[in-house]
1. May I ask for the net charge around Val120, where only other residues with Cβ less than 14 Å from the Cβ of Val120 are counted and Lys, Arg are +1 while Asp, Glu are -1?
2. Any chance you could run the full-extension gain for Asp124 through Ser99? It's 0.36 nm times the residue separation minus the Cα-Cα distance, nm to one decimal.
3. What is the distance, in nm, between label points placed 7 Å from the Cα along the Cα-to-Cβ direction at Ser136 and at Met87?
4. So which lysines pass the test for Lys109, namely a Cα distance under 20 Å, with those fewer than 8 places away in the same chain ruled out?
5. Through the Karplus equation 6.51 cos²θ - 1.76 cosθ + 1.60, θ set to phi - 60°, convert the phi angles of the range 104-120 into ³J(HN,Hα) values in whole Hz; use x for Gly and Pro.
Amino acid sequence: MRSLAFILIFTGVVVFSSNNANAQCKNFAKRVCRLELSPFIHDGNYNAAILTEGEDAELFKTFYAGQEYRIAVCGSESLPKVEFKVMDVERRVLFTNASKDYVPFWDFKVEATQQLIIMVKVLDNPGGSDPDMLASGCVAIMFGLKAN
């Protein structure tokens with residue numbers, strides 16, 4: 001009976017901590033990352049997650065013909081640089097910020113409606129003080145549309 005109570009309490013703590021971390025990450029996206037979209041208009045979605053050095057994540061999004069977009073990616077100050085790539089559905093790289101000194105955004109116009117893949121990766125910190133302690137923090141992907 002005690003082990004069941006412990007499991008229930010542990011599960012509750014993990015769920016609460018996870019929800020709290022996600023809420024803090026969403027607030028980070030609202031406060032900090034949304035500023036990178038200016039002068040584009042934010043699409044209203046906040047895509048953010050907690051990532052650790054070396055981890056990556058992907059997001060699939062449909063972009064519509066004739067529209068001009070800005071993709072902005074930012075990470076917590078505690079993280080090393082964040083790389084992002086934009087790929088088509090065949091995974092051909094259309095843009096990578098690694099070739100542009102890790103700029104936090106990319107502006108582009110879509111000629112045909114298509115789904116694109118946005119991949120973000122927190123780079124390893126080669127100068128980290130303790131190899132057993134990896135940096136972890138919020139990474140957000142934001143989308144903006146150019147006002148007509």
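1. Neighbourhood net charge equals -2.
2. On the way: separation 25, 0.36 × 25 = 9.00 nm, distance 1.70 nm.
Stretched fully, the Asp124-Ser99 segment lengthens by 7.3 nm.
3. 2.6 nm
4. Hits, sequence-local ones excluded: Lys61, Lys85, Lys100, Lys146.
5. So the J values, rounded to whole Hz, are x, 8, 9, 9, 7, 10, 9, 7, 9, 4, 7, 8, 10, 10, 10, 10, 10.
Read the figures in this text as sums done on the coordinates, not as results from a lab. On a predicted model such as this, the values are computed, not experimentally measured, just so you know. Positions of Cβ are backbone-derived with ideal geometry, glycine not excepted, and every protein chain shown enters the neighbour counts.
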